[in-house]
Amino acid sequence: MYVFGDAWKDHHIKLKENWEKNVNHDDTILLGGDISWAMKLEDAALDFQFIEALPGKKILLKGNHDYWWQSLAKVKKALPPSMIPIQNDYLVFENDIALCGTRGWTYPAPLWDTEHDKKVYNRELIRLELSLEAASKEKLSAIIVTLHYPPFTPSLADTGFTEIMRRYDVKICLYGHLHGPDQSRAFIGTRDGIRYHFVAADYLNFSPLPIDLRD
C-alpha cells in the first residue's frame, strides 16, 4: 500500500486499533472495495481472516483492485460468516434500511481512453439501477448506496450515477478510491437531497466513520 503514500505505513495496525476502539459486535460496517491485493481468491484468505477477527458484521463491495473477486457464489463460499458481499443485489439491515451499490467506474467521455471504459461504465449504471429498483419495492425508511469510484467527475459535475440515485431517492452515498492529492477533489456534504461521505481509509486515518442513518 506504500504506493499510495507514507500514510499507509503500518496501516493494518492503525486500522485494527481504531476499529476495535469504535466498533461494537452488533454494528454493521460497510467496506467499499479494495479489500485485498490478492490476485486469486484463495490468496485473499489471510486478509479475510484479519477482517473476520474484527467486531461487527461487514458488508463488502468490489473495488478496482479486487482482482480476487470471482463469481458471487464463489466469493460467498470463501468468505467467513461475518463478511457479506453485495453484487447486483441489495441487503436490508436494521429492518428497514437498504444497502445498494456497485463498483462504479471512471468518468464519462472525453476522459475515457477506450471503448472498454464506455462498456464498463454503462454496465455499472445498469447494476446500480437493478439494485435500487429491487430495493425500492421494499417498505424502507432509507436507501444507502456504496460505490467504490466517486459518483462525480473531477470538476464535481453529475454523472449517470448521481442521476440514478436522485431518481430512487437515495439518502446517503459512500465512496472512496481517491488517494493522495486526488483527495482534494472529493465532495463531502449534501447535494440534491443526497448526503455524500468520502470514506477512503487513508483520508479517515484508518478509523471507521460513524454514519447516523436516522438523521
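For region 21-124, what D do you get in µm² per second when you plug the Kirkwood radius from alpha-carbon pairs into Stokes-Einstein at 10 °C and 1.306 mPa s? Diffusion coefficient, whole number: 105 µm²/s.
Given a cut-off of 20 Å, name the pairs among K14/K77; K14/K62; K14/K58; K40/K77; K16/K57 whose C-alpha atoms lie farther apart than that in the structure shown. The pairs that break the limit, which is 20 Å between Cα atoms, are K14/K77; K14/K62.
Relative contact order, whole percent, for the chain stands at 18, derived from Cα pairs under 8 Å and 6 or more residues apart. Just check region 44-98 against the gyration tensor rule for me: Cα atoms, a ≥ b ≥ c as the square roots of the eigenvalues, rounded for a/c under 1.5, and otherwise prolate or oblate depending on whether a/b exceeds b/c. Oblate.
If you look at the Cα atoms of region 146-215, you get an Rg and a Dmax of 11.9, 33 Å.
Note on the chain: GNM, Cα springs under 10 Å; of A73, A135, A45, the largest mean-square fluctuation is that of A73.
Close amide H contacts of N64 (hydrogens built in the peptide plane, cut-off under 5 Å, sequence separation of 5 or more or a different chain): D34. Exposure proxy for R127, R103, R166: other Cβ atoms within 10 Å of each Cβ, ordered fewest to most, give R166, R127, R103. Above 19 Å, the calculated P(r) of region 80-152 contains 41 percent of its Cα-Cα pairs. Recomputing Cα extents along the principal axes in Å from the coordinates shown identifies the correct label among (1) 54, 36, 30; (2) 41, 38, 33; (3) 75, 42, 31 as (2).
Throughout, read-outs are computed from the coordinates displayed, never taken from laboratory work. Model, not experiment: these values are computed from the prediction. Cβ atoms come from the backbone with ideal geometry, glycine included; neighbour counts cover every protein chain shown.
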